[in-house]
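Worksheet: the structure to be examined is printed underneath.
Rule-based calculations on the coordinates, nothing more; no lab input. Just so it is clear, the structure is predicted and the values come from calculations on it, not from any experiment. Please note: Cβ atoms are built from the backbone with ideal geometry, for glycine as well, and neighbour counts cover all protein chains shown.
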4 protein chains.
Amino acid sequence: MTTNSHSDIQEIIQQILKFRDERDWAQFHDARNLAMCLNVEASELLEVFLWKNPEEAKIEKIEEELADVFYAAFLLAEKYPIEKALGSNKKYDEL
Amino acid sequence: MTTNSHSDIQEIIQQILKFRDERDWAQFHDARNLAMCLNVEASELLEVFLWKNPEEAKIEKIEEELADVFYAAFLLAEKYPIEKALGSNKKYDEL
Amino acid sequence: MTTNSHSDIQEIIQQILKFRDERDWAQFHDARNLAMCLNVEASELLEVFLWKNPEEAKIEKIEEELADVFYAAFLLAEKYPIEKALGSNKKYDEL
Amino acid sequence: MTTNSHSDIQEIIQQILKFRDERDWAQFHDARNLAMCLNVEASELLEVFLWKNPEEAKIEKIEEELADVFYAAFLLAEKYPIEKALGSNKKYDEL
C-alpha cells in the first residue's frame with residue numbers, strides 16, 4: 001500500500017478497505033469488535049513506554065503500533081464519518 | 001476548525017496543532033502522556049458499546065469519541081510519521 | 001458492604017454478587033461485557049495520572065478507580081477461578 | 001506460589017511482593033507504571049474475545065490474562081488500600 005506525499009484520508013481508507021476485502025475480513029468488522037481492536041492496539045502502543053523513561057521508548061515500535069491504531073481507527077471512520085465531530089469545539093479538560 | 005471535503009491529514013494535523021498552541025498545551029504533550037491519552041479516549045469509545053447490543057450504541061456518541069481518538073492519534077503522528085509503517089504488510093492475525 | 005480486617009476474596013465476591021443481584025444486573029454480565037468494563041475502569045484509573053507528575057495524582061481518586069477495577073475483575077473471577085493461574089510462574093518480561 | 005483454599009488478599013499481596021523482590025523489580029513499580037501495566041493486561045484479556053462470539057473465547061486464556069490483571073491490581077492495592085472504597089456505594093450507571 002502506497003500513499004501520496006500529501007495524505008488523503010479517503011484514499012487511505014480505500015486502501016485499508018482493499019486490504020480488508022482481499023482477505024474477506026469485513027464479516028468480522030462490526031463496530032463493537034473494531035472498538036475492541038482499537039483498545040487492544042492503543043494498549044500495545046502504551047506498552048512501548050512501560051517501565052521506561054519516555055526517551056528510552058523505541059521510535060520504530062511507536063511508529064509500528066501507532067500505524068495499527070490508525071488502521072483500526074480508519075476502519076471505524078469508514079462507518080462513522082468523523083469530520084464534523086473533529087470540527088466541533090474540543091473539550092477543555094487537559095489542565 | 002473546518003476541513004475540506006477531501007480530507008488532508010497534514011491539514012488536520014496543522015489545525016489540531018493550532019488548537020493546541022492557542023491553549024499553550026504543547027508543554028504537556030510528551031509521547032507517553034499522548035499514548036496514555038489515546039488509551040483513555042479509546043476506552044471512552046469502547047464504553048459506548050458497554051452492556052448493549054451493537055445496534056443500540058448511539059451513533060452520535062461513537063462519532064464524538066472516535067474524533068477524540070483521532071485527536072490524540074494525530075498529535076502523536078505529528079511526532080512520529082506513520083506513513084511508511086502504514087505501507088508495510090498488515091499483520092494476518094485476525095482469524 | 002463491610003469487609004473483615006482479614007480480607008477474604010470469596011467473601012468480597014459474595015458481597016459484590018449480592019450488590020449485583022439486588023439490582024438484577026447479572027443479565028448484562030457476560031464475560032465479554034465484563035472484560036470491556038474492566039478496560040473502561042482501568043482507563044479511568046490511568047486518567048488520574050494523565051498530564052501530571054505521578055506525585056500530583058490524587059490518592060483518593062486512585063483508590064476510587066482502583067476499587068472499580070477490582071469490582072469488574074472480581075465479577076470475572078466469579079466465572080473463571082484465577083487461583084491456579086496466580087500460582088503459575090509469572091512472566092519475566094518487565095525488564 | 002500457593003494459595004489457601006480460602007483466599008486471603010493480604011497473603012496474595014505478600015506472595016506477589018516476594019516474587020517482585022526476588023527479581024528486584026520494585027524500582028520500576030511507581031503507581032503510574034503500574035496503572036499503565038494494568039491497562040496493558042486488561043487489553044490482553046479483552047483480546048481473548050476479539051473477533052469471536054463470547055462462547056468461542058478460550059477459557060484457559062481468560063484465566064491466564066485475568067491473573068495478570070490481578071497481579072498488576074494487587075501491586076497497586078499494596079500502595080493504595082482499596083477496602084474502604086470497595087465499601088462505598090457502587091455507581092448505578094450500568095443501565
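Shortest first and in nm with one decimal, please list how far the D:GLN27 label point sits from its counterparts in the other copies (point 7 Å along Cα→Cβ).
Nearest to farthest, the other copies are at 3.2, 5.2, 5.5 nm.
Nearest 0.05, what FRET efficiency do B:ALA26 and A:GLN14 give at R0 = 45 Å with Cβ-Cβ as r?
After rounding to 0.05, the efficiency reads 0.85.
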